[in-house]
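Undergrad: This is the structure I have questions about; it appears just below.
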Amino acid sequence: MNKRALRILEYNKIINMLSACAGSPLGKKRCEELMPSTDIVEIETLQEETEAALSRLYRQGGVSFSGLTDVGLSLKRTEVEGSLSAKELLDIAGVLETADLMKKYGEGAGLKPDSNDDSAEAGMDCLTGLFSELYPLEHLSREIRRVVLSETEIADDASAELKSIRRNIKLTNEKIHSQLSKMVGSQTNQTMLQNNIITMRNGRYCIPVKSEYRGQFPGMLHDQSSTGSTVFIEPMAVVNMNNELKELATKEVVEIERILSALSEQVGAERRTIGWNVENLAKLDFIFARAAFAKKMNATKPIFSTDGEIEIREGRHPLLDKKKVVPIGLRLGGDFNMLIITGPNTGGKTVSLKTLGLLTLMGQSGLHIPALDKSKLRVFEDVFADIGDEQSIEQNLSTFSSHMTHIVSIVNAANERSLVLFDELGGGTDPTEGAALAISILSHLNRQGILTMATTHYSELKTFALTTEGIENACCEFDLETLKPTYRLMIGIPGKSNAFAIAKQLGLPEYIIEEAKGQIDSNTIDFEQLIADLEDQRSTIIAEREEIDKLKEESKALRDQLKEKKQSLKDQRSELLKDAREEARQIIKEAKDYADEAIRKYNKLGKHAGNNQAMERERSKLGNRVKQLDSELSKKKKNRKGTHTAEDFKEGYEVHVISMDMDGVVTGLPNAKGYLRVQMGILNSDVHISDLEIIGDGKDDKDTGRVKTGGKTFMKAANFKPEINLLGLTVDEAVTELDKYLDDAALAHCSSVRIIHGKGTGALRKGVQKYLEGNPYVKSFRAGEFGEGDMGVTVVEIK
């Protein structure tokens, strides 16, 4: 991959962002060395590793490689039996502890096998092998931590000898301090000492004595002050103890070196395993850095197409703010191998170029790309880019010369496995000649089948793209009302410069603009008008498509709501039926219990034993019979099906719903699937004909008053009495009885009834008549006349 393209597309900035996601110097080093690959197998392996690590990050949380350091030199020294320092041993312990943490992370509960996958490798990914090949050597890391407390401190318990030496050092120090404290604290010596302190010179304890009294303190002179007024003397009384302290300090150093040497030997014995851990951890850090980078950018794994097609879905430039950047959709390599983008400056043409180039480099580096899932990329052997003005760094060449130098090298080096990106091809020179050169260069690349994307302002290239097979126009959308680009890439439509519209919007006089338009060839004007018409049609189509999508979403939401409501009604119906059946079962049980109790009471009255036994047998038979009937009824209801056909049902027919044990009226004819609408009280439901039995044709027999109720026929007219006595009842009780009575009166087709409520205080009469005012069955009512009961009776006419 040529370095110039990497620099122009700012690949180094991507690498810097990636390195910041690594947790160790070794991981950062691998990130910094990452380059795009041209081997599809290697690319797919890198992408799978990144995907597996990203999945683990979302599932198990982040990981830390802060304990991973480069211990290669330390391991090399152990090969020649060299002794390691405390810091080096602590670094090795950090590596082993990191290996332990990562091994546990790899074996953690975050990976759950797929319940539909019966294979032995269910729940595993391409990183499982790396995790399993980590060897933490817990015994070695624990021993290092036990012995080495810090880079400058070894534990007292590192060895019995070291503990003994340090105990003796402590005791000797205490003896020296005790002896010198007596000398310093003596009243006799107060005037001869410069300060009442114990100090140290050359590693030996001394006392500060005034120069004129130096002869009063026999011992060794170690130092004097800069003025000469104070001398530091080691009294003879502590010379031997100071010597002993020196010897103990030397023994301590020797013992510490021995301890470190012993630990170094243990490290040397495991140096291959430790080196293997370092290598695997560095690789894992590199992989998880790629995953963390993908998570940060909300990136996805690209698909590398085998047909050479590129399709970036809602791709974002990774170096721009993801909250502000406008995603672009881009296709190349399918119906066309070359895309020519036209339009005004600052519209997003160059960003589109760089987005394609940079996402290609990222994908071939094993990095996920900031685009929607299932975006397609293609593997290129090289990416060439001529973007921007590099006049200042091209040996004082002009802008055109600088660009043309790069274009010549690109034309000579590019092949069918290359991606070529041109920004303002043919710019910086005479427009006519520049356009001609651009068309010639693009024609050459198109004939070779080289995937190319170029930006231009030349109108000639728009026509060239329209008339040449394998080349497609594109433009970056521009909002004329706001004079701002929308940065959306539109493929299939050439762009407009919009110079006249912008000038007019900014206040340039109309006559100047009209004069400028007159300078343009009529064919050019017609072409620009065609482009404008295409853009208007496209905007209309997009608006209509958005409206259709919106209506589809609303329709789907309504269907889902209806489905939920139907399911809710079904559940409620099932619950109601369940409650009703349970209530009926409870009533039967209570009736049986009551009968049992009555028989037991009867037995206590002293009936004959023989009769008692016979009655008990009969009671048991009755209970068994009830159970048998209950079981048979349930079985019949479960297995029972209607035998009618769709043609048997008519609107208004009375039917019995078998599954619900309810009666209703047909309100709609059967559909093609055999479902018809049945009204059951307040419940209106679709029921299949196999769940229905016809119990009547809906015609009332007014002569006999036959009424269908629960599938049974009653002779209401024969048994109904046109008078009800409410005497002795409260108003509430009377209204309840009267409500049932008027239902029966209506069903029996009785024309008038007499309600006896008595005179009394008049409260019952008022309550009854107030109820009659709102009853739907009542046509009119009046007080009884002479001979009918006067005010103690109310006569009601039924509708």
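The values are calculated or read from the model by the stated rules, or taken from the named source; none is laboratory data. None of the values given here were measured: they were computed from a predicted structure. Positions of Cβ are backbone-derived with ideal geometry, glycine not excepted, and every protein chain shown enters the neighbour counts. Ligands, DNA and RNA are excluded from the accessible area calculation, which covers all protein heavy atoms including side chains. Shrake-Rupley method; radii C 1.70, N 1.55, O 1.52, S 1.80 Å.
Undergrad: What does the convex hull of the Cα atoms come to per residue for segment 359-473, in Å³? Kindly include the intermediate steps, with their values, before the conclusion.
TA: Working: hull volume 14.8 nm³, N = 115.
With only Cα atoms used, segment 359-473 gives 128 Å³ per residue.
Undergrad: Please give the peptides 47-55, 3-11, 162-170 ranked by average Cβ packing (other Cβ atoms within 10 Å per residue), highest first, as a rough proxy for protection. Walk me through the numbers before you get to the answer.
TA: Numbers: 47-55: 20.1, 3-11: 18.4, 162-170: 16.0.
Per-residue mean Cβ counts within 10 Å order the peptides as 47-55, 3-11, 162-170.
Undergrad: Continuing with this model, one more query. Test of understanding: express the Cα radius of gyration of segment 190-330 as a ratio to 2.2 N^0.38 Å, with N the residue count.
TA: On the way: Rg = 35.9 Å, N = 141, 2.2 N^0.38 = 14.4 Å.
With N residues counted in segment 190-330, Rg over 2.2 N^0.38 Å equals 2.49.
Undergrad: Turning to a different aspect of this structure: If you scale each eigenvalue of the Cα gyration tensor by 5 and take the root, what three semi-axes come out for segment 290-354, rounded to whole angstrom and sorted largest first? Don't skip to the end; give the middle numbers.
TA: Details: eigenvalues 98, 78, 11 Å².
Ellipsoid semi-axes (Å, largest first): 22, 20, 7.
Undergrad: Further question on the same structure: Give Lys566/Lys673; Lys504/Lys550; Lys103/Lys376 a once-over and call out the pairs whose C-alpha atoms are over 26 Å from each other.
TA: Values: Lys566/Lys673 18 Å; Lys504/Lys550 36 Å; Lys103/Lys376 34 Å.
Check vs 26 Å cut-off fails for Lys504/Lys550; Lys103/Lys376.
Undergrad: Further, regarding this structure: For Leu577 paired with Val254, estimate the spin-label separation in nm (one decimal), with each label point 7 Å from Cα along the Cα-to-Cβ line.
TA: Between Leu577 and Val254, the label points sit 9.8 nm apart.
Undergrad: Then there is this: If I histogram all Cα-Cα distances within segment 269-425 using bins 10 Å wide from 0, what percent of pairs lands in each bin?
TA: 10, 31, 30, 18, 8, 3, 0
Undergrad: Which order do Arg754, Arg559 take by accessible area at a 1.4 Å probe, largest first?
TA: Values: Arg754 70, Arg559 140 Å².
I get Arg559, Arg754, largest accessible area first.
Undergrad: Based on the mean of other beta carbon atoms within 10 Å per residue, what is the order of 438-451, 330-343, 242-255, 455-468, most packed first?
TA: On the way: 438-451: 18.1, 330-343: 21.9, 242-255: 15.5, 455-468: 19.8.
The densest-packed peptide leads the list: 330-343, 455-468, 438-451, 242-255.
Undergrad: If you take the Cα Rg of segment 163-250 and divide it by 2.2 N^0.38 Å, with N the number of residues, what do you get? Can you show the working numbers first?
TA: Details: Rg = 13.3 Å, N = 88, 2.2 N^0.38 = 12.1 Å.
Relative to the rule-of-thumb radius for its length, segment 163-250 sits at 1.10.
Undergrad: Suppose accessible area is computed on protein heavy atoms with a 1.4 Å probe; arrange Tyr653, Tyr675 from highest to lowest. Spell out each step's value before the answer.
TA: Working: Tyr653 60, Tyr675 100 Å².
So, going from the largest accessible area down, we get Tyr675, Tyr653.
Undergrad: Under a point spin-label approximation (7 Å from Cα along Cα-to-Cβ), what is the Val239-Ser555 distance to one decimal in nm?
TA: 11.2
Undergrad: From largest accessible area down, sort Asp430, Asp91, Asp157; use a 1.4 Å probe on the protein chains. Mind dumping the intermediate values first?
TA: On the way: Asp430 70, Asp91 45, Asp157 95 Å².
Highest to lowest solvent-accessible surface, that is Asp157, Asp430, Asp91.
Undergrad: Using the Cα centre of segment 224-309 as the reference point, and only Cβ charges (+1 on K/R, -1 on D/E), how large is the resulting charge dipole? Debye, rounded to the nearest 20. Please report the intermediate quantities before stating the final value.
TA: Values: 10 positive and 12 negative charges, 107 e Å.
Charge dipole, segment 224-309, about its Cα centre: 520 debye, nearest 20.
Undergrad: Output the peptides 209-217, 270-278 sorted from most to least packed, where packing is the average of other Cβ atoms within 10 Å over each peptide's residues. The partial results should precede the final answer.
TA: Working: 209-217: 14.7, 270-278: 18.6.
Highest-to-lowest ranking by the protection proxy: 270-278, 209-217.
Undergrad: Using C-alpha positions alone, give me the convex hull volume of segment 137-196 per residue in cubic angstrom.
TA: Details: hull volume 5.2 nm³, N = 60.
Convex hull volume per residue, Cα atoms: 86 Å³.
Undergrad: Applying the Karplus parametrisation 6.51 cos²θ - 1.76 cosθ + 1.60 with θ = phi - 60° to the phi angles of segment 171-186, what ³J(HN,Hα) value in whole Hz is obtained for each residue in order, glycine and proline being reported as x?
TA: 5, 5, 4, 5, 5, 4, 4, 5, 5, 5, 5, 5, 5, 5, x, 5
Undergrad: Same structure again: Taking the Cα-to-Cβ direction at Arg214 and at Leu727 and moving 7 Å from each Cα, how far apart do the two end points lie in nm?
TA: The answer from the label model is 14.4 nm.
Undergrad: Where the convex hull is taken over the Cα atoms of segment 714-799, what is its projected area averaged over directions, in nm²?
TA: Taking a quarter of the hull surface, the average projection is 5.4 nm².
Undergrad: Quick one: putting +1 on the C-beta of Lys and Arg, -1 on the C-beta of Asp and Glu, what dipole do you get for segment 277-423 around its Cα centre, in Debye to the nearest 20? Provide the component values of the computation, followed by the final result.
TA: Numbers: 17 positive and 17 negative charges, 171 e Å.
The dipole of segment 277-423 has a size of about 820 debye.
Undergrad: Another question, then. Tally up the carbon and sulfur contribution to the accessible surface of segment 267-426 as a whole percent, 1.4 Å probe, everything protein left in place.
TA: Working: 2900 of 6170 Å².
Using a 1.4 Å probe with all protein chains present, segment 267-426 comes out at 47 percent carbon and sulfur.
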